[in-house]
Every structure is written in C-alpha cells, then in structure tokens.
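Here the structure comes first, spelled out in structure tokens, and everything after it is commentary.
The values are calculated or read from the model by the stated rules, or taken from the named source; none is laboratory data. Please read all numbers here as calculations on a predicted model, not as lab measurements. Backbone-built Cβ (ideal geometry, glycine too); neighbour counts: all protein chains shown. To get the accessible areas, we keep the full protein, side chains included, count just its heavy atoms, and leave off ligands, DNA and RNA. Shrake-Rupley method; radii C 1.70, N 1.55, O 1.52, S 1.80 Å.
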Amino acid sequence: MKKDFLLPDIGEGIVECELVDWLVAEGDRVEEDQAICDVMTDKALVQIPAVHAGTISRLYVQKGAMARVHAPLFELELADEDTAAEQEKAAQDPRPAAEPAPASSVSSAPAASGRRAVASPAVRRLAREHNVDLTQVPGSGDKGRIYKEDVEAWLAAQGAPARTESAWREPVTGVRAAMARHMTESLAVPRFTYCEEFCLDELLALKSRLAPECEREGVKLTLLPFFIKALSLALSDFPLPGARLEEGGQTLVYEDGHHVGVAVDTPAGLLVPVLHHCEDKSLLTLARELSRLTRAARAGRLTQAELQGGTITLSNIGVLGGTVSTPIVMPPQLAIAALGRLQRLPRFDEQDRVVARHIMTVCWSADHRVMDGASLARFNRCWQGYLEQPGRMLARLH
C-alpha cells in the first residue's frame with residue numbers, strides 16, 4: 001500500500017519552507033523515525049522523520065524548492081504491518097486520501113551518498129552553481145559543517161577557473177527573509193537610543209576568580225552570563241523594559257519571568273535564542289545554557305520554543321569589534337541593548353590621576369511610545385551598578 005506523507009505544521013504560522021536536502025532517494029528502504037529530509041524555516045533547520053517504515057516510492061519536492069505545509073512531501077510503500085494498520089484505519093475513517101501533488105513537482109534528487117554534507121542553503125546554492133558535490137568538500141566548521149570558504153578552497157584545489165562574473169545574486173530566503181520582514185515592521189516603532197560607559201575592572205577580577213571553578217564543571221565562563229544575570233536583577237527593580245506592548249499599543253503585558261534573547265551570528269544569518277526564566281538560574285547555569293544555545297544556533301538546530309518568548313534582548317556586537325551601535329527594537333519587546341567592545345582606556349580617578357580602566361560602551365534602543373529617557377536611564381543605572389560592583393549582584397543571588 002502506498003501512502004503520501006504530508007509536510008506537518010511546523011508552528012509559528014509557517015506555511016512553507018525550503019527543502020534543503022533529501023537524506024534518502026527513491027527506492028530506499030527507511031525505518032520509522034528515520035530522518036527523511038532537512039527543511040529550513042524562517043528561523044531554524046528542521047529534520048522531518050518518517051512516521052512509518054517502508055520504501056520511498058516518490059519524492060514530490062525538488063531539493064532547493066519550497067515545500068508547503070499539509071502538501072505531499074514524499075510517497076511511501078508501507079511495510080506489511082503498517083499496511084494492515086493503515087487499511088484498518090481507513091476502514092474506520094471514510095474521509096478520502098489526500099490528492100497527490102502535480103507530476104511537475106516530482107523530484108529528480110540524486111541518490112544519497114554515504115556522507116551527509118552539512119551546509120547552509122547559500123552554500124548549497126554556491127555548490128550547485130559550480131556543480132560541486134558537497135560530500136566531497138571537507139568542512140572546517142563544527143562537526144564538519146561546510147562554509148562558503150570551504151567550497152571556494154575546494155574549487156581552487158581542483159583548478160577551477162576563477163569567477164569572472166561581475167555580480168552575485170541569490171534570493172533572500174530563510175532567516176534573512178525573516179530578518180528583512182521584521183526589520184521593516186520595526187520601522188513602525190518610534191524609538192530613541194541611550195549610551196553609557198561601563199567600567200568593568202571589578203567584574204573582570206571576579207570572572208577571573210570564578211573561571212577555574214566553571215572550567216571544572218566543563219563550562220567556559222564569559223562576561224555575558226554576568227550581564228544576563230544583572231539584567232534580570234535590574235528587571236526585578238524596574239520591570240517596565242521587560243514588558244511588551246499589545247493591542248495596538250493599548251496594553252502593557254508584564255510576563256511572569258525574565259526571558260532574555262541573545263543575538264547570535266550564524267552562517268544562516270542573525271538568530272536570537274531565548275534564555276527563559278533567568279531569574280531562577282545561577283551564573284553557572286546561565287553560562288552552560290548560553291553555550292548550548294549558541295552551538296545549536298550555529299548548527300541550525302534551535303527549536304521553535306528556544307526562539308520564542310523573549311521579553312528583552314542583548315546583542316553582543318563587541319565580540320566583532322564595534323564600540324557603539326544602534327540596535328533595533330523588535331516589537332512587541334520594548335528595549336534592546338548592544339554591548340560594545342571591551343577596551344583598556346585612560347580615565348581620571350578621584351584624585352585626577354590618569355589610570356587605566358576596562359571600559360565597555362553599552363547602547364540601548366527603546367520603544368518611545370511607553371518608555372521615556374528618564375525611565376531607561378534609571379533602569380540602566382541599576383543594571384550598571386550590579387556590573388560595576390558585582391558584590392551587590394552576588395548579594396542578591398539565591
């Protein structure tokens with residue numbers, strides 16, 4: 001018995017997604033729960049498993065094309081035991097089976113090779129343009145992930161002629177398409193920017209003392225977990241920046257918890273995984289969770305739940321070298337902060353002597369419909385105080 005597998009609802013109102021790669025070919029025998037293909041939504045790479053054992057008899061969507069939710073994705077010749085179960089189910093359910101997709105959408109996907117290439121849609125597109133088999137390209141990323149530079153290096157090693165085109169074109173899809181849409185929508189929010197210098201001498205000293213203990217727990221401690229924890233403490237004192245604006249700007253909603261989004265630079269584009277309930281997490285737990293989410297984001301393996309529910313966002317642009325930036329508020333959130341590069345700079349002390357300080361410039365953007373400059377300045381001063389005098393932060397932990 002043959003049965004169409006329909007692309008399931010992936011959530012977030014997604015109606016279609018890019019079929020990044022088939023992990024099987026027509027004629028392959030597959031088992032229940034075996035991964036069949038990778039699809040890319042606006043935010044993450046999602047693996048679609050088989051719900052029955054059987055033999056793949058038809059692939060309806062070509063690699064690189066868009067697959068629609070609730071439309072046939074592939075056809076499966078069911079195993080005998082599943083055929084009996086399906087026939088029994090069909091006898092109990094008189095509804096007609098789903099219509100197959102038009103013949104023109106049948107895939108000509110090549111047979112799967114032994115090694116599966118892990119790469120973003122843009123890299124796969126580059127490989128297709130140069131007729132490169134990605135399974136032959138060594139990847140330099142985590143778990144062999146292949147980047148654009150790996151494909152270019154492989155082409156150079158094969159003696160491929162240098163690119164002569166004067167322009168490079170590719171459709172804006174996936175994460176970048178979502179970013180373009182959200183950034184355009186954010187223009188409807190009147191916002192203002194506020195910047196302040198943070199002196200982090202004491203915080204760096206504390207981090208140096210705690211780092212060995214974290215390493216024994218298998219966690220690399222950075223400054224970001226301190227910023228997240230201090231932000232949560234400041235939200236306990238000044239909750240407005242962690243609220244969200246709903247009903248066309250008529251209602252403020254205060255969530256039960258501090259859910260901090262952290263912007264992560266990934267090969268597919270900017271992703272913002274969320275650390276939920278930071279008020280209940282220790283510094284060590286935050287560091288461990290931050291490391292896990294960052295790895296998952298760069299591997300394209302974040303779940304929808306890990307990308308939802310943020311009430312305030314931090315962007316650590318400083319790791320890439322910038323000192324001052326203007327982050328974009330993402331409605332319905334009210335505020336976002338961008339951390340600049342940490343620098344050792346001369347400053348005057350209380351006796352007017354020039355001394356070296358570790359300085360970071362932090363820039364806020366806030367929704368000016370409900371937040372004024374004074375409210376944000378008071379909140380920032382509270383947050384800054386926890387970071388510049390981390391003993392106060394430790395005294396508030398439980």
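Computed from the Kirkwood radius of its Cα pairs, the Stokes-Einstein diffusion coefficient for segment 214-344 at 10 °C and 1.306 mPa s stands at 103 µm²/s. Using Cβ point charges alone (K and R +1, D and E -1), the dipole size of the chain about the Cα centre works out to roughly 1440 debye.
Cβ under 15 Å from residue 366's Cβ, residue 366 left aside: what net charge do those residues give with Lys, Arg +1 and Asp, Glu -1? Local charge sum for residue 366: +2. In the chain, the longest principal axis of the Cα atoms and the axis of helix 174-186 are about 50 degrees apart. Sorted on the mean count of surrounding Cβ atoms within 10 Å across their residues, most packed first, peptides 225-233, 290-298 read 225-233, 290-298. Spin-label model, residue 324/residue 180: points 7 Å from Cα along the beta carbon direction are separated by 3.1 nm.
With a threshold of 28 Å on the Cα-Cα distance, the over-threshold entries among 148/281; 148/207; 2/63 are 148/281; 148/207. Restricting the calculation to Cα atoms, every distinct pair contributes to the Kirkwood radius of segment 1-71, found to be 12.5 Å. Extension gain for residue 246-residue 396 works out to 50.9 nm (0.36 nm per residue, less the C-alpha to C-alpha distance). Computed from backbone phi, the HN-Hα couplings of segment 327-332 come to x, 9, 5, 9, x, x Hz, rounded to whole numbers (Karplus: 6.51 cos²θ - 1.76 cosθ + 1.60, θ = phi - 60°; Gly and Pro given as x). Computed across the chain, the Kirkwood radius stands at 24.3 Å (inverse of mean 1/r, all Cα pairs). Relative to the longest principal axis of the Cα atoms of the chain, the long axis of helix 80-92 lies at roughly 90 degrees. Estimated at the nearest 10 Å², the accessible area of residue 362 is 0 Å² with a 1.4 Å probe. The helix-only estimate of mean residue ellipticity at 222 nm for the chain, built from DSSP H runs of length n ≥ 4 each weighted as -39500 (n - 2.57), is -9000 deg cm²/dmol after division by the residue total. With all protein chains in place and a 1.4 Å probe, the accessible surface of segment 215-263 carries 45 percent carbon and sulfur. Compute the angle between helix 224-237 and the longest alpha-carbon principal axis of the chain, please, reported from 0 to 90 degrees and rounded to the nearest 10. Relative to the chain, helix 224-237 is tipped by roughly 70 degrees.
Peptides 238-244, 210-216 ranked from most to least packed, by the mean per-residue count of other Cβ atoms within 10 Å: 238-244, 210-216.
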